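So the structure is just underneath, and the comments pick up after that.
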Amino acid sequence: MPSKKRNVSQRRIHNAAMAGVLVLLVAACGSTGTAAPESTAGTHKNLSLAYVPGATGNPFYDTLELGAKKEASALGMSFSYQGSPDFAPSTQIPVVNAVCDRHPSALLVAPTDPVALRPAIAQCMREGVAVVLVDTSLTNKAGIVSAITSDNVQGGEEAGQLIGKDLHGKGQVAILAISATATTQVERAQGLKQELAAHYPGITVQSTQYVQQAESSSVTTAAALLSGHPNLGAFFGIAGPSAQGAAQAIASAHRTGKVVDVGYDAEPAAVTLLKSGAISALVMQQPALEGSLGVQYAYDYLTGQKSKIKGSVELSNVLATTATAGSPSISKYFYAP
């Protein structure tokens, strides 16, 4: 019969062995709990993002692409880019359909119309594609991961304030836009009108003209307005090339310095005209940041980090004038060449 001392010793060995088993079981459970994230992290490398801009060949959308592409690379997502040179739903809808037929993990898109693009985008979402809107938006945003844009009303107000001061509270302004329905265009015009009505009632919006994406269309339209309205004191070009076209028309009419020309977006050609004084001011957006945020939110959605996502984002605009164009605090917002 074993001694009492030996029994105690055996019990200690048995208890230690059982404790070891428990440790192994806990470790096994712990490894099971962390296996899913490790596996998910591996699949993150297979996430794909497609970007459809409002129009190709546009420095705003190209700069947005750079921000999106850089963020996608940092997150290990593959990136593709496809669009149409025309800012129109008739040409953008087939692109969205073609892109979604390839079933990317996520779609970054700038809708050219808030209603017409909804069916194509909704079909994309039904097929399991996460959709983030950038720049322009939709009337019905149900199911959208996030909608990221500039504070377009604020941008219009900034333009109205500068025009109001430069015209000393009296005169006429013409608006040049590329769409009657795109959310950015509507809101920028709204901001201008609100600012003038509130603080410069002596200034009226003489005309709102819808031009094509091509700068030549703005040149022709602005020239006709200057000819038909000799008292016209200002232009507000609420899409990239509009102010550039107005600047050419103003120069041809020998009215440089006499007509205020405020534009939207800081593409290289517009910045050159701004520095020379041919364009009075530019309302600058933050397209690279829009692209970066769009990709980040798409990634957060796809990887189950939805608490990090803001459903709606409006980034502030920055106003640049000829006098401030050389300042580093302003030039850092100029778009990529």
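The values are calculated or read from the model by the stated rules, or taken from the named source; none is laboratory data. Here the structure is a predicted model, which means the values were calculated and not measured. Counting neighbours? That spans all protein chains shown, and the Cβs are built from the backbone with ideal geometry, glycine included.
Just so you know, in the stretch 99-143 the residues that are among the hydrophobic types (A, V, I, L, M, F, W, C), out of contact with any Cys (no Cβ under 8 Å at 6 or more places or on another chain) and part of a loop (DSSP other than H, G, I, E, B) include one that is nearest to Ala288 (Cα to Cα), and it is Ala110. For the stretch 305-317, the candidate set comprises residues that are in a loop (DSSP other than H, G, I, E, B) and touching a residue at least 60 places away in the same chain (Cβ under 8 Å); within that set, the residue that is nearest to Ala281 (Cα to Cα) is Asn317. Residue-level analysis places Ala288 among those that are in contact with a Ser or Thr (Cβ under 6 Å, 6 or more places away or on another chain) and either among the β-branched types (Val, Ile, Thr) or buried (at least 19 other Cβ atoms within 10 Å of the Cβ) (or both). On inspection, Ser179 fails the criterion of being in contact with a strand residue (DSSP E or B) (Cβ under 8 Å, 6 or more places away or on another chain), free of Cβ contacts under 8 Å to residues at least 60 places away in the same chain and surrounded by 20 or more Cβ atoms within 10 Å (Cβ to Cβ). The number of residues in the stretch 223-237 being touching a Leu at 6+ places or on another chain (Cβ under 7 Å) and either closer than 20 Å to Val283 by Cα or not hydrophobic (A, V, I, L, M, F, W, C) (or both) comes to 5. Sort out which residues of the stretch 256-281 are surrounded by fewer than 15 Cβ atoms within 10 Å (Cβ to Cβ) and either in contact (Cβ under 8 Å) with a residue 60 or more places away in the chain or among the charged types (D, E, K, R) (or both), and write them in order of number. Result: Lys258, Pro268, Lys275.
Annotation note: of Ser73, Ser90, Ser84, the sole residue that is outside any helix (DSSP H, G or I) and assigned by TED's automatic domain parsing to the domain that holds Asp300 is Ser84.
Reported count of residues in the stretch 259-305, each being over 16 Å from Thr322 (Cβ atoms) and among the polar types (S, T, N, Q), is 6.
Condition test on Ala249, is it in contact (Cβ under 8 Å) with a residue 40 or more places away in the chain and not assigned by TED's automatic domain parsing to the domain that holds Leu133? For Ala249, the condition - in contact (Cβ under 8 Å) with a residue 40 or more places away in the chain and not assigned by TED's automatic domain parsing to the domain that holds Leu133 - is not met.
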